Amino acid sequence: MTFTLKVWRQHSADEPGRFVSYQVKNVTPDMSFLEMLDALNEDLISRQEPPVAFEHDCREGICGSCGFLINGVAHGGQRGTTVCQLAMRFFKNGDALTLEPWRARAFPVIRDLIVNRSAFDRIIQAGGFISAPTGTAPAANAILVPKEDADTAFDAAACIGCGACVAACPNASAMLFTSAKITHLNSLPQGQPQRDQRTLSMVAEMRNELFGSCTNHGECEAVCPKRIPLEFIGKMNRDLMRAAWHWHREPLVIPSLVQLPSAEDSHEQFHEEVRIHEEDQAHVEAESPEPAATRR
Amino acid sequence: MASNTNSISVHSTANVARQRVAVSHGALAFWHTMIGKKVIMAVTGVVLVGFVVAHMLGNLKIFSGPDEINAYSRFLREVGSPELAYGQLLWIVRTVLLICVALHITAAVQLSRMSWAARPVKYDVKRNVETTFAARMMRWGGVLVVAFIIFHLLHLTLGAIGFRPGQFTHLAVYLNVTAAFKVWPVALFYIVAMGALCLHLDHGIWSMLQTLGWNTARNEKQLKIASRAIAVVVFLGFSSVPVSVWAGWLH
């Protein structure tokens, strides 16, 4: 098989990118999409040209490293399949394919088809964990988990964090990812103690990272290689309502805006809040000994 | 997490205080999140859909003749008496609706701006696989519906535009409506606006159920069908009046 690829080439985050066309020949239908790109890169290297940079790790659809848009569809368009598991027989011989990285303000391009998905890590850091004592492992079955809850948690935990949901969303929203991570922990008994704090923190962090807002198009669900259902977004919304409705002995904490590297180039509302924070910081430094004194 | 809460609570700095203000008022923190705004849009949407359906059913009384519809318009003002004075309940309902519209639009504008800012570099090639025309038209269709509501209030509620002087009589609903829709551009605008409303409801009603967490993988198809059915019924119900006047069935 022969393909004409139009690939986004961008040397670094600061430089402008452009599309470059390549011919790939002698592709067999059994090759995966990434193997086809390997063949292209072998060819480019032999011609002393820089290879096309793309992210990959396990190549068996479970690590969440790979992913880009093929002809405008994240992961290529075969339902429930990552791009590494997509075989070239999915396309027709002679097809022209456009390869484009995920595009979102929260996912800056690092090089060619690779984007920086640290924003997802920071959403997880905001609450996607359980503060468990790390002593000896508890006895199996010490905590009973209803089958239904275990199934829900398992479905949600299938999310590999590839970012296709953000890429496909017309609003560049990270709701499907965040809802999967929240549903995973909030469905289990072990996740209950921090449930409200987790939901509020992760949801607030999603906005801090400058993702867009969900308008229920369903594009995310359609391209998700792990078939995370839209239903989890509804569950996350319910959990947020629960967090706001419940009475808490101490107020819940929203992650600070200012830890963000991306905050300075955000839209004006954030500019304003960052400016306020900077003034506050100056204030803090002026009277720093005070907090320790007021501790008791 | 525990240590995090601790360190926040012991600092008495302005920054931390600002953070705690945002969180200690649950409603404010809720509004601050994107999902909170979405939920507000959904809840106000429920109220507005209820109003639209009731309004549509009220309109159908015009087919029972001038007496029925005129009596109905008086009933809307007299209902609740003697506890409430003439027109009081109507104004309560109007206030609630106005608040809902204001919240719905404010949230929509804020969320739209966030979403537009979230993808500064557009795709060269982007193919949508799941979304519908109705879903993509939510924002601009919503703007058209707002324009229509303003026109409609000035037109058939106040009689300020679209009538010759002295042609509009307060509470003479039947005569007003038949006179108004004899002007074909007005009738056409009403029907087009109801088309926009139909699209808005087609995605909106299902979307509201999804946002509030009632949509599941199992019932998604049924909910989408129900949403579309309500939207189409609302469209047909509203459009039947200008069409009938235009066709000369009401005179």
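Read the figures in this text as sums done on the coordinates, not as results from a lab. Source: prediction; values computed, not measured. Because the Cβ atoms are built from the backbone with ideal geometry, glycine has one as well, and the counts that use them run over all protein chains shown.
Structure summary
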read-out	value
Anchor residue A:147: lysines whose Cα lies under 30 Å away (excluding residues fewer than 8 positions away in-chain)	A:181, A:226, A:235, B:221, B:224
Peptide-level mean, for B:106-114, of C-beta atoms on other protein chains within 10 Å	3
Chain A: angle of helix A:175-186 to the longest principal axis, Cα-based, in degrees nearest 10	50 degrees
Sorted by Cβ density within 10 Å, fewest first, the residues B:157, B:44	B:157, B:44
Mean separation of Cα contacts under 8 Å, 6 or more apart, over the residue count of chain B: relative contact order %	24 percent
Relative contact order %, chain A, counting alpha carbon pairs below 8 Å whose residues are six or more apart	17 percent
Built amide H within the under 5 Å cut-off of residue A:73, gap 5+	B:127
Sites residue B:130 and residue A:21, calculated FRET efficiency, Cβ-Cβ separation with R0 30 Å, nearest 0.05	0.55
Karplus-derived 3J(HN,Hα), 6.51/-1.76/1.60, for each residue of the stretch B:193-204, Hz, glycine and proline x	4, 5, x, 5, 5, 4, 4, 4, 6, 4, 7, x
Cβ neighbours within 10 Å from other chains - mean over A:242-249	3
5 angstrom amide H check on residue A:110, placed H, neighbours 5+ away	A:115, A:116
Rounded tilt (10° steps) of A:268-286 against the dominant C-alpha axis of chain A	50 degrees
Where labels lie 7 Å past Cα in the beta-carbon direction, separation of residue B:46 and residue B:95 in nm	2.2 nm
Within-15-Å neighbourhood charge of residue B:106 [Cβ basis; K, R +1; D, E -1]	+4
Mean residue ellipticity (222 nm) of the protein assembly as shown, computed from DSSP H runs ≥ 4 via -39,500 (n - 2.57), nearest 500	-17000 deg cm²/dmol
Residues B:183, A:203, sorted so that the one with the fewest Cβ neighbours within 10 Å comes first	B:183, A:203
Euclidean distance of C-alpha centroids, the stretch B:113-165 and the stretch A:92-159, integer Å	35 Å
Cα-centre dipole for the stretch A:112-234 with unit charges at Cβ (Lys and Arg positive, Asp and Glu negative), debye to 20	200 debye
Packing-based ranking, highest mean first, of A:97-109, B:61-73, B:229-241 given that Cβ atoms within 10 Å are counted	A:97-109, B:229-241, B:61-73
